[in-house]
Amino acid sequence: MPPTITAFESSPDRGQGLARDMRVRWALEEVGQPYDVRLVSFAQMKQPQHLALHPFGQIPTYEDGGLALFESGAIVLHIAQRHAGLLPDDPDARARAIAWMFAALGTVEPPIVERSAAWLMERDKPWYAQRLPMLDDRIRERLAQLSTHLGEADWLDGAFSAGDLIMVHVLRRLGSSGLLEEYPRLAAYIARGEARPAYQRAFAAQLAVFEQSQPPPG
Ligand code: GTB
């Protein structure tokens, strides 16, 4: 039996691959592991059946045999540890790749999520226009540091790893912000990630789910 992940039955990102099941799909594609997807609605995510898998009532989850996992980072790490291709064999390089996963999730993603949340929940509030430049500057600080680290390299630490996979996915959420245009090395880094065949397959799969959720035109 292949592992089963959960995803939105109709993603609010309209198939842009920004929801976090995309990271898990991409990791599974990179290692060549087939998977099943169970689609859930917002209401189903809050029901006991899903809460038994995910205490916060979110996607993605991952089930494989007796193992049930939540948190996209933990799921990607598990996949990377179980299969070759997403973590280096050398123990020090492996530890550094895992550090980049944590950096993406714990240092780079939070200010990006805060900006998205502000747009979603506060954009009609009188303080939003004043707050946005502050949120943008917090992101810029991280992007500048990341761009300096990356330099002319293709990936964050040697070969492509789970650290790059998570980082590219985290950065993609800035697509509509205009901020990435200020950091051409990062824009090129994201493009390299998106060009990977495994990414393309994962993206197509989640887009197909969104398209099937839409009523036929007319
Ligand atoms: N830390 C957890 C992880 O990494 O797995 C966070 C999981 C999470 O936030 N899941 C979201 C969710 O289930 C979906 S991905 N939300 C439903 C809820 O909390 O009730 C977040 C997401 C949603 C939408 C967009 N978008 O529209 O662009 C992007 C990202």
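Key figures
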| read-out | value |
| --- | --- |
| Given (1) in contact (Cβ under 8 Å) with a residue 12 or more places away in the chain; (2) surrounded by 13 or more Cβ atoms within 10 Å (Cβ to Cβ), index of the condition Gly65 fails | (2) |
| Residues of the range 75-88 classified as more than 13 Å from the ligand (Cβ to nearest atom), open to solvent by less than 50 Å² (accessible area, probe 1.4 Å) and assigned to a helix (DSSP H, G or I), total | 2 |
| Tally of residues being within 21 Å of Leu135 (Cα to Cα) and of a type in the set (Asp, Glu) across the range 89-110 | 1 |
| Subset of the range 9-52 (residues that are open to solvent by less than 30 Å² (accessible area, probe 1.4 Å), out of contact with any Ser or Thr (no Cβ under 7 Å at 6 or more places or on another chain) and in a loop (DSSP other than H, G, I, E, B)) | Ser11, Asp13, Gly15, Gly17, Ser41 |
| Segments classed as helices (runs of 4 or more DSSP H), wholly inside the range 89-189, with at least 1 members that are more than 17 Å from the chain's Cα centre (by Cα) and among the hydrophobic types (A, V, I, L, M, F, W, C) | 91-103, 109-122, 128-150 |
| Odd one out for Ser147 among (1) touching a strand residue (DSSP E or B) at 6+ places or on another chain (Cβ under 9 Å); (2) open to solvent by less than 40 Å² (accessible area, probe 1.4 Å); (3) over 21 Å from Leu77 (Cβ atoms) | (1) |
| Verdict on Pro55 being modelled with pLDDT of 95 or more, open to solvent by 10 Å² or more (accessible area, probe 1.4 Å) and not in a helix (DSSP H, G or I) | yes |
| Residue list for the range 58-74, filter: more than 16 Å from Met45 (Cβ to Cβ) and near the ligand (Cβ under 9 Å from one of its atoms) | Gly73, Ala74 |
| Breaking point among (1) open to solvent by 30 Å² or more (accessible area, probe 1.4 Å); (2) touching a residue at least 40 places away in the same chain (Cβ under 8 Å); (3) of a type outside the set (Lys, Arg), for Gly218 | (2) |
| Test result for Trp100, closer than 30 Å to Arg138 by Cβ and within 13 Å of the ligand (Cβ to nearest atom) | no |
| Residues (farther than 18 Å from Leu105 by Cα and either in contact with a Pro (Cβ under 9 Å, 6 or more places away or on another chain) or open to solvent by 10 Å² or more (accessible area, probe 1.4 Å) (or both)) located in the range 150-179 | Gly151, Glu152, Ala153, Asp154, Gly158, Ala159, Ser176, Ser177, Gly178 |
| Which numbered condition Leu53 fails, given (1) under 19 Å from the mean Cα position of the chain (by Cα); (2) more than 16 Å from Gln206 (Cβ to Cβ); (3) aliphatic (A, V, I, L, M) | (1) |
| Residue list for the range 14-51, filter: within 8 Å of the ligand (Cβ to nearest atom), farther than 20 Å from Leu86 by Cα and touching a residue at least 60 places away in the same chain (Cβ under 8 Å) | Arg14, Gln16, Leu18, Ala19 |
| In the range 109-122, the residues that are surrounded by 11 or more Cβ atoms within 10 Å (Cβ to Cβ), over 17 Å from Tyr183 (Cα atoms) and not small (Gly, Ala, Ser) | Pro110, Val113, Glu114, Arg115, Trp119, Glu122 |
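The values are calculated or read from the model by the stated rules, or taken from the named source; none is laboratory data. Not measured: the values here are computed from a predicted model. Every residue, glycine among them, receives a Cβ derived from its backbone with ideal geometry; neighbour counts consider all protein chains shown. Ligands, DNA and RNA are excluded from the accessible area calculation, which covers all protein heavy atoms including side chains. Shrake-Rupley method; radii C 1.70, N 1.55, O 1.52, S 1.80 Å.
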